[in-house]
Amino acid sequence: MLIPSIDLMGGRVVQLVQGEDLALGFDDLNYWIERFSTYPLVQLIDLDAAKRQGDNRRLIETIVRRLPCQVGGGIRSSAEAQILLEMGARRVIFGSSLFNGRAASEAIDGGDSPAITNLVRTQFAEELAFSLGVEHLVFSVDTKDSKVAVRGWREMIELRPQDAMQQLEPFCGAFLYTHVDTEGTMSGFPMEIARSLRQQTRRQLIVAGGIRSQSEIDDLDAQHIDAVAGMAIYTGLMKA
């Protein structure tokens, strides 16, 4: 299944390369809402909230009333998530808040702590599942240079995505994996990683990062993996 992505920054629909460099920007939100109106699911990300530099809450409220969306970007509590669900979001995406930060990672890397589980906030994940329901939760496990990337992909921790997913599996309905190294580049998604992640979880698996063609989406679909595409759609390389 193809899941088109709407990324918001500064009140505009945008596309970034590797989460940093602005490549495209659009002011006509209604055009993209209409363009994606036939899809069973759209991914809606508040990049400003993810980077902790404001939010696009008003636009999100407009979009979730018109499109079936899973919404992410800087969500840090069940209360914030509940507000989005009440607005009309189908599911909410939690990412950075599921992980402890660099200090814990450095402690493990230095041998001060033997437990990788110290990096994953499983108790928080369990609380989210209890308060919101597993079916409403998508857990985002993104990597940069083969390490889990958090805080708007600006900080990396010494943790493999497979290990993170193993810890979080009981508490979500789906996993979202973004390969930041290829995000926005239209260079193709690394299929060997897709296969490895598929073997790790029985949950719905959604991948993103560099997807450029329908053939890729078909290959992923054959592995029971769904695909998020952004840049390829917005540049016209792939029809949507």
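Here are a few things to note about the model shown:
- For segment 160-195, the set of residues classified as hydroxyl-bearing (Ser, Thr, Tyr) and farther than 11 Å from Ile225 by Cβ consists of Thr178, Thr182, Thr185, Ser187, listed by residue number.
- Considering Asp28, Asp21, Asp55, the condition of being among the acidic types (Asp, Glu) and surrounded by 15 or more Cβ atoms within 10 Å (Cβ to Cβ) is satisfied by Asp55 alone.
- Selected residue (only one of Glu126, Glu192, Glu169 is touching a residue at least 40 places away in the same chain (Cβ under 8 Å), charged (D, E, K, R), in a helix (DSSP H, G or I) and at negative phi): Glu126
- Complete set of residues in segment 134-155 that are more than 29 Å from Leu237 (Cα to Cα) and free of Cβ contacts under 8 Å to residues at least 24 places away in the same chain: Lys147
- Within segment 49-73, tally of residues that are within 14 Å of the chain's Cα centre (by Cα) and over 22 Å from Glu135 (Cβ atoms): 3
- Residue within segment 189-203 that is more than 15 Å from Met1 (Cα to Cα) and hydroxyl-bearing (Ser, Thr, Tyr) present: yes
- Answer residue from segment 194-231, given it is among the hydrophobic types (A, V, I, L, M, F, W, C) and in contact with a Gly (Cβ under 9 Å, 6 or more places away or on another chain) and is farthest from Met165 (Cα to Cα) among those: Met231
- Single condition Gly209 does not satisfy, out of (1) more than 13 Å from the chain's Cα centre (by Cα); (2) over 23 Å from Thr38 (Cβ atoms); (3) surrounded by 20 or more Cβ atoms within 10 Å (Cβ to Cβ); (4) modelled with pLDDT under 95: (1)
- Segment 163-184 - residue that is crowded, with 16+ Cβ neighbours inside 10 Å and of a type in the set (S, T, N, Q) and, of those, farthest from Leu24 (Cα to Cα): Gln167
The values are calculated or read from the model by the stated rules, or taken from the named source; none is laboratory data. Small disclaimer: the values here were computed from a predicted structure and weren't measured. Positions of Cβ are generated from backbone atoms using ideal geometry, with glycine treated the same way; all protein chains shown enter the neighbour counts.
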